[in-house]
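Everything on this sheet refers to the single structure shown next.
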Amino acid sequence: MNEENTVFHKIIRREIPANIVFEDERVIAFRDIQPVSSTHILIVPKKTIRSLDAVTGDDSELIGHIVCIAAELARSEGVSESGYRLVANTGERAGQSVFQLHFHLLGGRPFAWPPG
Ligand code: 5GP
């Protein structure tokens, strides 16, 4: 698939709908269509980056910005005290299915360790 034509690019371009909870010039965050916990938000950079494996030093400010947004969303979702996870599945073997970098913000229930 064209690297700029993932389902998340289509959401960024408003070609398909999503339940958007945050957006600025660099980042969009929306609720996962198949949530695995009561809070399940995807935080996605607008810059095309295939996965965490494609991140470079030029992206450090962007990644820091995303982590700050995740912490803020966790607070606004009311899960910061009960606990949450920020997950970037990287590569098919780790569960990545959409090849545009994204972080899952998961909260609202207990999570086991190690992950499956
Ligand atoms: P991954 O498997 O790549 O780590 O995560 C991709 C996530 O995107 C999955 O949790 C999946 O449910 C979600 N997803 C796939 N297509 C759509 C969509 O069209 N809209 C939304 N909101 N989420 C999607």
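The values are calculated or read from the model by the stated rules, or taken from the named source; none is laboratory data. Source: prediction; values computed, not measured. A quick note on method: Cβ atoms are made from the backbone with ideal geometry, for glycine too, and the neighbour counts reach across all protein chains shown. Side chains are part of the model used for accessible areas, which takes the heavy atoms of the whole protein and leaves out ligands, DNA and RNA. Shrake-Rupley method; radii C 1.70, N 1.55, O 1.52, S 1.80 Å.
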Residue selected from the stretch 21-39 under the condition open to solvent by 10 Å² or more (accessible area, probe 1.4 Å) and within 9 Å of the ligand (Cβ to nearest atom), by the criterion nearest to Gly83 (Cα to Cα)
Val36
Do you know which residues across the stretch 1-20 are in a loop (DSSP other than H, G, I, E, B), within 20 Å of Gln96 (Cβ to Cβ) and either away from the ligand (no atom under 11 Å from the Cβ) or among the small types (Gly, Ala, Ser) (or both)?
Met1, Asn2, Glu3, Glu4, Asn5, Ala18
Of those in the stretch 80-96 that are more than 9 Å from the ligand (Cβ to nearest atom) and open to solvent by less than 50 Å² (accessible area, probe 1.4 Å), the residue farthest from Val27 (Cα to Cα) is Gly83
I'd like to know if the stretch 81-95 contains one or more residues that are within 12 Å of the chain's Cα centre (by Cα), among the basic types (Lys, Arg) and at pLDDT 95 or above.
yes
Is there any pair linking a residue in the stretch 8-26 that is touching a residue at least 60 places away in the same chain (Cβ under 8 Å) and over 16 Å from Val67 (Cα atoms) to one that is of a type outside the set (Lys, Arg) and within 11 Å of the ligand (Cβ to nearest atom), with Cβ under 6 Å and at least six apart or on different chains, and which?
Phe8/Val44; Phe8/Val98; Phe8/Gln100
Just checking, does the stretch 58-76 include any residue being exposed (fewer than 12 other Cβ atoms within 10 Å of the Cβ), within 15 Å of the ligand (Cβ to nearest atom) and in contact (Cβ under 8 Å) with a residue 12 or more places away in the chain?
no
I need a count of the residues in the stretch 97-116 that are surrounded by 13 or more Cβ atoms within 10 Å (Cβ to Cβ) and within 12 Å of Leu42 (Cβ to Cβ).
8
Exactly one condition in (1) among the basic types (Lys, Arg); (2) open to solvent by 80 Å² or more (accessible area, probe 1.4 Å); (3) closer than 28 Å to Gly78 by Cβ is not met by Arg13; state its number.
(3)
